[in-house]
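Rule-based calculations on the coordinates, nothing more; no lab input. What you are looking at is a predicted structure, and each value in this text was computed from that prediction instead of being measured. No Cβ is skipped: glycine too gets one built from the backbone with ideal geometry, and neighbour counts run over all protein chains shown.
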Amino acid sequence: MVTITLELNGERKEVAFEPHKTLLEVLREDLGLTGTKHGCELGECGTCTVLLNGTPVLSCLALGLACDGHSVRTVEGMAQQGRLHPLQETFADLGAAQCGYCTPAFLLAAEALLAANPKPTRDEIKDALAGNLCRCTGYIKIYEAVELAAERMRA
Amino acid sequence: MTQHKVIGKALRKVDAVAKVTGATRFADDLAFPRMLYCKLLRSTEPHAKIVSIDTTSARQLDGVQAVLTGKDLPIPFGILPVSQDEHALCPDKVRFIGDPVAAVAATTEETATAALDLIKVAYEPIKSFDSAEEAVAHPEPRIHDYGDSGNLHKLINLEFGDAAAAIAEADLVREDLFFFEGSTHLPMEQHAAVAQWSPDGKLTLWTSTQTPHYVHRALAKVLELPAARIRVIATPNGGGFGGKSDPFSHEIVVAKLAMLTGRPVKITLTREEVFYCHRGRHPTLMWVKTGVKRDGAITGMHFRSLLDGGAYGSYGVASTYYTGALQTVTYNVPCYHFQGARAFTNKAPCGPKRGHGTPQPRFALEVHLDKIAEQLKIDPAEMRLKTLVPPNSLTANYLRVGSMGLGKCITKVVDGSEWKKKFRKLPEGRGVGLACSSYISGAGLPIYWNNMPHSGVQLKCDRSGGVTVFCGSTEIGQGSDSILAYIVAEILGIDPFDIAVVTADTDLTPVDLGSYSSRVTLMSGNAALQAAERARQILSVHAAKKLEVPAERLTFAGGRVFDAKDKKRGLLFAEAVQLAEAAEGTIGTVGSYTPPQSAGKYRGAGVGPSPAYSYSACVAEVDVDPETGIVRVPTIWIAHDVGQSINSMSVIGQVEGSIYMGLGEALMEEMTYRGDRKVVHKIPSLLEYKSPTTLEMCDVITYLVEDPDPNGPFGAKEVGQGPLLPVMPAVANAVYDAVGVRIDEVPITPEKVLKALRGKGKGEEGRVGPKRFPDIPWPEPTRVPTPWEGGDGKAAERVHA
């Protein structure tokens, strides 16, 4: 077993795990944060996206050990004091989540985009989300939700 | 017209917050103390006899708790009663690369995986078949020891009226051949299941299934347990699209392992294994011959399909019938001859994918009609508008059409896309294409024929004013939980978010057959409607007494029950429940739904009937690069006749999702195998199996046509599958408009476009597509006189010469 310390969703967290585990496995199995999903565990679908120091990464390809001392943000950290993040609100209101399985990844990728670019064009949104697959929505409601959240967050 | 408070509104789904916070518990999110992990050993041979399996070393590995092989689960199963041809683990023979042969339960996933490497299987290869044509050509060796002929699983020959004579009377007769490649559902969630066994003889299985009722049946059969002691809980599906509609090997295996070890056992399939579970679109070769008058009116049609079924039956018998059933519900086909065949091959089994058996013939038919319209020099939209099936009519094959909004759909997309300014008028390389379709709102008959309802709802009114709805329906992302809440909320005049929804749990909820064939909104919706109306009736009696108002004058709205003529005279919904509860005891009602009887009485009439048909029309605009052959689709216009939206936002979401999946099938998605060496899947990964990302997805302009159907709750019809169907032919027709070549098969890849363009450049036929339909040992046709020949839906008596 190895032990690392993460800045996890704004809290200092120590966690011990088998050294071969990926960040995805550490989050889901050792920290009980099952909001982060997986679709391939080979870095192909984007479903396991989390933010590592604010940047979207595929947690299935990141070794848990390599994250020692870094900040990790998962979907569980988005709502604050029982209030949804603006992206969560718009995803819910505009029907951007159908089965909801890819949703945590899209939310985090979108959050990173809006942090870097508060007023993205439709094409910039498409580029930022091109690494995330969704089989339900056809992406359109996701773009609309990101655009509406961006507008609300700028206000 | 009644003003709805909830129905039709763009409300949040009742599970939306759980989904955006990551709180939804999918099957793989479940974990229990002392849980074991299961892994399956899968066949490395496409077709082989199992000579021996040695599990000795695997059993000795530290951490391994149990190992199973085929002899531990000898009872066969399958989704259809006529195709009980699968085993949880192959007992004596494997039929495709990926067929499960052994299973391990161990304390960690790593140990279970390591144990698989220690299992030694000796195979004796048998000749394998990688295409339906190969299977037709070689009746021996047989992949299964049942089926209609050699390696042909199913053969169908149905004739409605004298189609050959009707075709002979036409002004123009056209024959075409088409091929539709297989594709898979690719849900983002890999299948997963967890089983728990209790020493009192009770088994619980949590599983990502669209059909908990059928999993329940399969478990009882294979495990030889009383069904009453088995509880199946369908976890919310992370996408289904038909791929989680069969009972699966892994579900039965973890249940058996839990029984053997007394510990919870979990399995999560790898992405590669999801490709092996498959049950996706059947690769289908089609031949169609149609006779038309000068104005495009169809005199008769003859349609043949040959489906590559893969290694097992699955829903394939139904899929085969579906390739012939719905040609008649869009355009008037007075005489119709359908011949369908399904072959077994040594590939992952095919089954029901979104549109189940109907996207392939729809592709063929709509491209075929585009060619006919060109020959007749008629605008293809105009031609279709003239030949529409009238509402409230019976087709040649005895399908009862109710509401029919296809004409309105065509007009919407023709106007919206500026079709008349674009068709055959855009510059070289750009083009537009049109296609239409129809789909069922649930099947008229259940898989196991019986007289019981297809969907049931129980409803409990609490004295707090809260209401709980219990229904066996399964939430797969389509919004079925929300539909129940909206319908009950509308009838009882309460907030849908005051309703608790309990679904898909065989211990707690009345049976609903499952989330397939676009049946849930109509069927569970009607059951919920009946239960809610019964509850309102009970509450009305007691509220009316208290308010001294005639019960029929009461309105339920805004969380109140009041006099329609004097709104102030009323009480809270919760007070109405309390009055009723004081008088009658606990307030609960039930509702159920059984579809109307089908008109067809011939053998094979079970596939095709539906309480209501949805309709779609689609225009696709394409950009074709003649240098690279790459087809880009900037925009699709789609109009869908949904009868009545229950939630307009969810309806549009289903339409957009259908367009997306159709675009993938049109341009890139294909299940392909290496036939040269072994029948091994070329691309079992999300990287290599190409599906549209944000960069390929087109803009979608959606028009909803609301032509309420008397059989739907509030008039609602299906939307989850129908809008996918016209996308592939619309894109193919647009490619022809753009560059003048016919790609008569999907996916329309750059290679095919270039090949056709090169051929055209050399003065050859500018076409890529199949060239022949093999000879098939068709049985004698079942002749069914059409309604206009005085038929009664039964087959004519065979006349023996």
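Fewest first, what order do B:158, B:116, B:508 take by the number of other Cβ atoms within 10 Å?
Working: B:158 23, B:116 17, B:508 14.
Ordered from fewest to most neighbouring Cβ atoms within 10 Å, B:158, B:116, B:508 come out as B:508, B:116, B:158.
Give the peptides B:400-409, B:572-581 in descending order of average Cβ contacts within 10 Å, highest first.
B:400-409, B:572-581
Place a +1 charge on the Cβ of each Lys and Arg in the stretch B:5-61 and a -1 charge on the Cβ of each Asp and Glu, then give the dipole magnitude about the Cα centre in debye, rounded to the nearest 20.
That gives a dipole near 440 debye.
To the nearest 20 Debye, how big is the dipole of chain B about its Cα centre, given +1 on the beta carbon of each Lys and Arg and -1 on that of each Asp and Glu?
Dipole magnitude for chain B comes out near 620 debye.
Quick check on the stretch B:382-452: what does the Kirkwood estimate of hydrodynamic radius come out to from the alpha carbon pairs, in Å?
For the stretch B:382-452, inverting the mean 1/r across all distinct Cα pairs yields 15.3 Å.
For the stretch A:86-154, report the % of Cα-Cα distances exceeding 18 Å. Please report the intermediate quantities before stating the final value.
Values: 530 of 2346 pairs.
For the stretch A:86-154, the fraction of Cα-Cα distances above 18 Å is 23 percent.
If I fit a long axis through the Cα atoms of helix A:140-154 and take the longest principal axis of the Cα atoms of chain A, what angle between them do I get, 0 to 90°, rounded to 10?
Rounded to the nearest ten degrees, it is 90.
Step through the table entries A:37/B:717; A:141/B:9; A:141/B:5, compare each Cα-Cα distance with 27 Å, and write down the pairs that go over it. Show your work: numbers first, answer last.
On the way: A:37/B:717 33 Å; A:141/B:9 16 Å; A:141/B:5 24 Å.
From A:37/B:717; A:141/B:9; A:141/B:5, over 27 Å: A:37/B:717.
Pop out the ³J(HN,Hα) list for the stretch B:173-182 in order, Karplus 6.51 cos²θ - 1.76 cosθ + 1.60 with θ = phi - 60°, rounded to Hz; leave Gly and Pro as x.
10, 10, 10, 9, 10, 9, 9, 10, 6, x
Based solely on its DSSP helices, what 222 nm [θ] is calculated for chain B when runs of n ≥ 4 H residues each add -39,500 (n - 2.57) and the sum is averaged over all residues, nearest 500 deg cm²/dmol?
It comes out at -8000 deg cm²/dmol, rounded to the nearest 500.
Can you compute the equivalent ellipsoid semi-axes for the stretch B:502-573, i.e. the square root of 5 times each eigenvalue of the Cα gyration tensor, sorted largest first and rounded to whole Å?
In descending order the semi-axes read 33, 12, 10 Å.
Can you give me the relative contact order of chain B as a percent, contacts being Cα pairs under 8 Å and 6 or more apart?
On the way: 2156 pairs, mean separation 128.1, N = 801.
Reported as a whole number, the value is 16 percent.
Over the protein assembly as shown, what is the percentage of antiparallel beta bridges among all DSSP beta bridges, to the nearest 5?
Of the beta bridges lying entirely in the protein assembly as shown, close to 75 percent run antiparallel.
Let me know the mean shielding of B:23-31 by other chains, meaning the per-residue number of their Cβ atoms within 10 Å of its Cβ. Intermediate values should be presented prior to the final figure.
Values: counts 6, 9, 1, 5, 0, 4, 6, 1, 4.
Per residue, the average neighbour count from other chains is 4.
Where the only charges are on Cβ atoms (+1 Lys, Arg; -1 Asp, Glu), what is the dipole of the stretch B:645-687 about its Cα centre, to the nearest 20 debye?
Using Cβ point charges on Lys, Arg, Asp and Glu, the stretch B:645-687 gives about 320 debye.
Can you give the direction-averaged projected area of the convex hull of the alpha-carbon atoms in the protein assembly as shown, in nm²?
Mean projected area of the Cα convex hull: 41.2 nm².
Longer than 19 Å from Cα to Cα, which of B:353/B:771; B:377/B:408; B:347/B:755; B:347/B:678; B:127/B:347; B:347/B:682 are they? Say none if no pair is.
With Cα atoms farther than 19 Å apart: B:353/B:771; B:377/B:408; B:347/B:755.
Using alpha carbon centroids, what distance separates the stretch B:324-376 and the stretch B:540-603, in Å?
The stretch B:324-376 and the stretch B:540-603 have Cα centres spaced 46 Å from each other.
What is the mean number of Cβ atoms from other protein chains located within 10 Å of the Cβ atom of each residue in peptide A:135-148, rounded to a whole number?
Mean partner shielding for this stretch: 6.
Looking at the stretch B:663-712, which trypsin sites (Lys or Arg not before Pro) are in a loop (DSSP not H, G, I, E or B) and have at most 13 other Cβ atoms within 10 Å?
B:677, B:682
Take every residue in peptide A:30-40, count the Cβ atoms of other chains within 10 Å of its Cβ, and give the average of those counts.
5
Using the charge dipole of chain B (Lys, Arg: +1 at Cβ; Asp, Glu: -1 at Cβ; taken about the Cα centre), state which of B:277, B:333, B:455 has its Cα farthest towards the positive end.
Final value for the positive-end residue is B:455.
Provide Rg over Rh for chain B; use the alpha carbon set for both Rg and the Kirkwood Rh (inverse mean inverse pair distance).
On the way: Rg = 27.0 Å, Rh = 27.5 Å.
Rounded to two decimals, Rg/Rh equals 0.98.
Among B:618-627, B:725-734, how do they line up by average Cβ neighbours within 10 Å per residue, starting with the highest?
B:725-734, B:618-627
What pairs from B:420/B:752; B:371/B:760; B:93/B:120 go past 20 Å between their alpha carbons?
B:420/B:752
Please report the orientation-averaged projected area of the stretch B:265-363, defined via the convex hull of its C-alpha atoms, in nm².
Hull-based average projected area comes out at 7.6 nm².
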